[in-house]
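In what follows, a single structure is set out as structure tokens and then discussed.
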There are 2 protein chains.
Amino acid sequence: MSTLAQGKADLERASTAQKVADMLRERVLDGELAPGLRLSEEAIGGALGVSRNTLREAFRLLTRDRLLVHEHSRGVFVRRPTGDDVRDLYAARRVIECGALRLWDTVTEAQREAVRAPVRQAVARAEKNDWTKAGQANIQFHRGIVRLAGSTRLSDESDRLFAELMLAFRVAQEINDFYQTYVPWNRRIVELLNNGQVSEAVDQLNEYFDAAEEDLVNRLDAQ
Amino acid sequence: MSTLAQGKADLERASTAQKVADMLRERVLDGELAPGLRLSEEAIGGALGVSRNTLREAFRLLTRDRLLVHEHSRGVFVRRPTGDDVRDLYAARRVIECGALRLWDTVTEAQREAVRAPVRQAVARAEKNDWTKAGQANIQFHRGIVRLAGSTRLSDESDRLFAELMLAFRVAQEINDFYQTYVPWNRRIVELLNNGQVSEAVDQLNEYFDAAEEDLVNRLDAQ
DNA sequence: GATCGTTGGATTGTTGAACGATTCTACGAT
DNA sequence: ATCGTAGAATCGTTCAACAATCCAACGATC
């Protein structure tokens with residue numbers, strides 16, 4: 001059965017536009033393509049060896065994910081998140097993640113473990129000063145929370161929100177030291193959950209959002 | 001100021017692909033293009049007088065909105081929502097709308113009125129047996145709830161969820177008589193809110209989702 | 001009679017070129 | 001220094017072409 005699923009994954013081969021979009025997404029998220037940069041159709045298409053039409057399809061996919069912004073007759077640009085964007089993102093996260101976390105007592109043990117495990121990993125990575133991996137584990141923690149809701153649509157949209165947020169982190173130059181503050185916070189949330197104090201855990205998550213949002217907005221507006 | 005806003009709206013002229021997508025979206029939502037139908041690039045492009053490339057752009061937009069599904073080398077089809085789709089949609093709605101409704105005491109009066117007004121309208125329309133308008137007002141009610149969260153990203157995504165849900169309603173042939181049952185329910189929710197019983201209103205909303213989901217899933221699986 | 005290749009036609013995936021429309025840039029006039 | 005204008009660069013859209021893929025019909029085999 002797992003081999004069949006594997007085979008199906010192979011069957012669903014990506015289109016050229018999809019592959020180009022995946023490559024560009026990486027470049028945007030690791031900062032190689034800086035926020036605000038304009039992506040010329042001719043230049044990028046030439047460099048990647050794809051036609052303009054195919055490249056435009058890839059641009060559209062990334063625009064859907066809010067990593068690029070499209071301006072009519074001007075081209076596409078790497079999104080440069082503003083303070084307002086961050087506020088909007090956290091308003092959405094508050095509703096989604098706090099709402100999902102409230103379902104803690106109704107979900108399967110596997111779903112709960114998908115929330116706990118990333119925190120253990122983040123703690124371990126943080127002790128080794130590997131903040132890149134710690135940051136990835138932190139995202140897995142929040143992805144796990146969203147998945148408590150049991151909706152693939154909600155999970156997919158949240159992944160887009162997370163990706164957009166990563167852009168904001170980059171602009172705020174907050175990639176490394178940010179998690180140093182908040183890893184302990186996540187740990188406390190999991191402790192409360194294991195204690196059966198779901199409501200208190202939700203409160204902590206809300207406070208975490210308050211602090212993270214304010215920190216990020218301040219750094220963005222300072223620029 | 002309003003004239004300036006008007007001028008700006010004119011400036012943001014829609015691209016051809018956007019206009020084509022809007023037209024197709026209407027056709028899909030009012031059932032002219034039935035769920036499951038395959039949309040031939042050549043046939044539709046010829047009928048609308050746009051090139052294949054432009055039409056494919058429009059298809060991408062509607063695929064993002066989940067009204068169409070794309071199958072590699074096979075074409076695009078009008079989505080035919082399944083019971084699982086509906087369960088997924090309601091799992092997302094539960095988290096989003098209940099989470100947003102919990103913010104009732106923290107939002108502006110204008111935001112609260114955007115929840116109450118559509119219910120009054122739905123009641124009035126229902127008394128005149130105008131179920132189409134009553135249904136539209138019902139959607140405005142739920143849109144108003146989502147907007148309590150204050151996130152445009154969340155509101156936009158919810159609009160897509162609603163559109164997809166309308167497709168499911170159509171497949172279930174539940175366009176007219178559905179709201180007859182649930183308009184009074186919405187009314188009760190607003191009464192509770194006006195009474196300051198936010199928590200009870202959330203419970204009612206949750207029960208509404210339970211009932212609506214089960215009803216819709218049953219009708220879909222029966223086919 | 002049912003299952004399995006094969007073949008040909010239809011549709012999609014991708015490319016390249018073309019041209020009008022729009023934006024940007026640089027230069028010169030006031 | 002500001003404004004307007006001409007020219008270059010880029011985008012929006014269309015068209016034609018060909019390879020890759022899918023599909024339906026037809027026989028071949030057991």
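The values are calculated or read from the model by the stated rules, or taken from the named source; none is laboratory data. Quick caveat: nothing in here was measured; it's all calculated off a predicted structure. In this analysis, Cβ positions are derived from the backbone assuming ideal geometry, glycine residues included, and neighbour counts consider all displayed protein chains.
Here's the yes/no breakdown for (1) charged (D, E, K, R); (2) closer than 30 Å to B:Asp85 by Cβ:
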| residue | (1), (2) |
| --- | --- |
| A:Ala124 | no, no |
| A:Trp131 | no, no |
| A:Ile145 | no, yes |
| A:Arg153 | yes, yes |
| A:Tyr179 | no, no |
| A:Arg188 | yes, no |
| A:Val202 | no, yes |
Here are some conditions: (1) of a type outside the set (A, V, I, L, M); (2) more than 10 Å from DNA strand D (Cβ to nearest atom); (3) not assigned by TED's automatic domain parsing to the domain that holds B:Phe162. B:Tyr90 meets all but one. Which one does it not meet?
(3)
Some residue of the stretch A:121-138 being modelled with pLDDT of 95 or more and crowded, with 21+ Cβ neighbours inside 10 Å:
no
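May I ask you to say which residue of A:Ser199, A:Ser151 is in contact with an Asp or Glu (Cβ under 7 Å, 6 or more places away or on another chain), at pLDDT 95 or above and not assigned by TED's automatic domain parsing to the domain that holds A:Thr63?
Unique residue meeting the criteria: A:Ser151.
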Would you please name the residue that is surrounded by the fewest Cβ atoms within 10 Å (Cβ to Cβ), looking only at residues in the stretch A:29-74 that are more than 9 Å from DNA strand C (Cβ to nearest atom) and β-branched (Val, Ile, Thr)?
A:Val69
Hey, could you check the stretch A:9-26 for residues that are surrounded by fewer than 17 Cβ atoms within 10 Å (Cβ to Cβ) and more than 14 Å from chain B (Cβ to nearest Cβ) and say which is farthest from DNA strand D (Cβ to nearest atom)?
A:Glu26
Subset of the stretch B:42-65 [more than 10 Å from DNA strand D (Cβ to nearest atom) and assigned to a helix (DSSP H, G or I)]
B:Glu42, B:Ala43, B:Ile44, B:Ala47, B:Phe59, B:Arg60, B:Leu61, B:Leu62, B:Thr63, B:Arg64
Restricting the search to the stretch A:168-181, which residues are in a helix (DSSP H, G or I), touching an Asp or Glu at 6+ places or on another chain (Cβ under 9 Å) and buried (at least 16 other Cβ atoms within 10 Å of the Cβ)?
A:Ala168, A:Arg170, A:Phe178
Residue by residue through the stretch A:67-103, note down the ones that are under 16 Å from A:Leu154 (Cβ atoms) and in contact (Cβ under 8 Å) with a residue 24 or more places away in the chain.
A:Leu89, A:Ala92, A:Arg93, A:Arg94, A:Ile96, A:Glu97, A:Cys98, A:Gly99, A:Ala100, A:Leu101, A:Arg102, A:Leu103
Given the residues A:Arg74, A:Arg116, which is the only one that is under 23 Å from A:Leu161 (Cα atoms) and not hydrophobic (A, V, I, L, M, F, W, C)?
A:Arg116
Pair list, Cβ under 8 Å, 6 or more apart: the stretch B:36-51 residue free of Cβ contacts under 8 Å to residues at least 12 places away in the same chain, other residue within 7 Å of DNA strand C (Cβ to nearest atom):
B:Glu42/B:Arg52; B:Gly45/B:Arg52
Checking A:Asn186 against (1) buried (at least 17 other Cβ atoms within 10 Å of the Cβ); (2) under 23 Å from A:Arg79 (Cα atoms): exactly one of these is not met. Which one?
(2)
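Going by the structure shown, is B:Leu33 in the same structural domain as B:Val20 (by TED's automatic domain parsing) and not in a helix (DSSP H, G or I)?
In short, yes.
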Looking at the structure I just gave you, is B:Asp156 acidic (Asp, Glu), in the same structural domain as B:Thr106 (by TED's automatic domain parsing) and under 15 Å from the mean Cα position of the chain (by Cα)?
yes
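Let's see how each residue does on (1) within 13 Å of chain B (Cβ to nearest Cβ); (2) touching a helix residue (DSSP H, G or I) at 6+ places or on another chain (Cβ under 6 Å); (3) not aliphatic (A, V, I, L, M):
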site	(1), (2), (3)
A:Leu61	yes, yes, no
A:Leu67	no, yes, no
A:Ala92	yes, yes, no
A:Thr108	no, no, yes
I'd like to check which helices (runs of 4 or more DSSP H) are fully inside the stretch B:69-160 and have at least 3 residues that are over 25 Å from B:Glu26 (Cα atoms).
B:83-101, B:109-127
